[in-house]
Amino acid sequence: MRTSLDLCVCLLTLCVTTLGRTGPGVKVVVEEDSDAVLPCSLSTKEDITGQAFDWRKDFQKKVFVYDSGLHSNNGFIGQDEQFKGRVSHFQDKLMNGNASIKIQNTKMADSGIYSCFFPNLQTFIIHLLVERLLKDRSGETTGASPKPRITVLDETKDWSLLQCEVRGAFPKPKVEWQDNAGNILPAEEPPVLERGGRYYVTLIYTVTRTGCYRCVATQEEISHQIYSEMCVQLNG
């Protein structure tokens, strides 16, 4: 006797098998905040201007619908709120059987399985992966590190002692010095203090060459990265 779990597994297997027969799966990987083009073209390259096709996410959410010139951006209703104003097709390519779409300004929530369905013809499966980007999220994420504070502790004509302070961040940030080419500069393990669930990090570096130097704070867990820069002129 099959259990409900066995039935679910069987149904899932049937679903995947069926989809596998209807069209090849394609994986598209983009960075967050960029545009993603999801490909969908009939092998016959026949004109689909007067036909219909339907895009869905995870087989449920309506992403984009087209039918003989009417589509989600000029008349059709029911498009999921997640995609309103962000999805377009390529009108001039329909005559060649191309039903691809473009999703603008992608977010993590856009990752998933997309299906491009032609009634009585073919279904294409596209796996979209939106990779989160390290960027300044200080205005949108609680606990994001503030901009590092750089000060000159001491200097001579041959060197300058720079101090970088990152105050009140959570989760614990990784703090490092970089030159203007983005190379990580060797520095001792910085002292870290924790007060009230927030982290305070101080990192010191001795500059021996004229140039610009960055102190970079990174919190991978929340995809936050921020930096401050100071340019040093030595006379040695």
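For the chain, the dipole from Cβ point charges (+1 on Lys and Arg, -1 on Asp and Glu) about the Cα centre works out to 460 debye, to the nearest 20.
Of the options (1) 1.04; (2) 1.20; (3) 0.96, only one is Rg/Rh (Cα atoms, Kirkwood Rh) as computed from these coordinates, and that is (2). Our summary gives the chain a relative contact order of 18 percent, counting only alpha carbon pairs under 8 angstrom and 6 or more residues apart. Farthest toward the dipole's positive end in segment 130-179, which of Gln163, Ile150, Leu134, given Cβ charges of +1 (Lys, Arg) and -1 (Asp, Glu) about the Cα centre? Comparing the listed Cα positions along the dipole, Leu134 ranks first. A simple charge model with +1 on the Cβ of Lys and Arg, -1 on the Cβ of Asp and Glu and nothing else charged puts the dipole of segment 20-131 at about 240 debye relative to its Cα centre. Per-residue extension of 0.36 nm, minus the Cα-Cα distance of Leu185 and Glu81, leaves a gain of 32.8 nm for this segment. In terms of distances greater than 30 angstrom between alpha carbons, the cross-link table entries Lys27/Lys61; Lys61/Lys174; Lys84/Lys147; Lys45/Lys102; Lys57/Lys147; Lys102/Lys135 yield Lys61/Lys174; Lys84/Lys147; Lys57/Lys147.
A short reminder: the numbers here are calculations on the coordinates, not readings from a lab. As the structure is a prediction and not an experimental result, all values here were calculated from the model. Ideal geometry is used to build each Cβ from the backbone, glycine not excepted, and the neighbour counts take in all protein chains shown.
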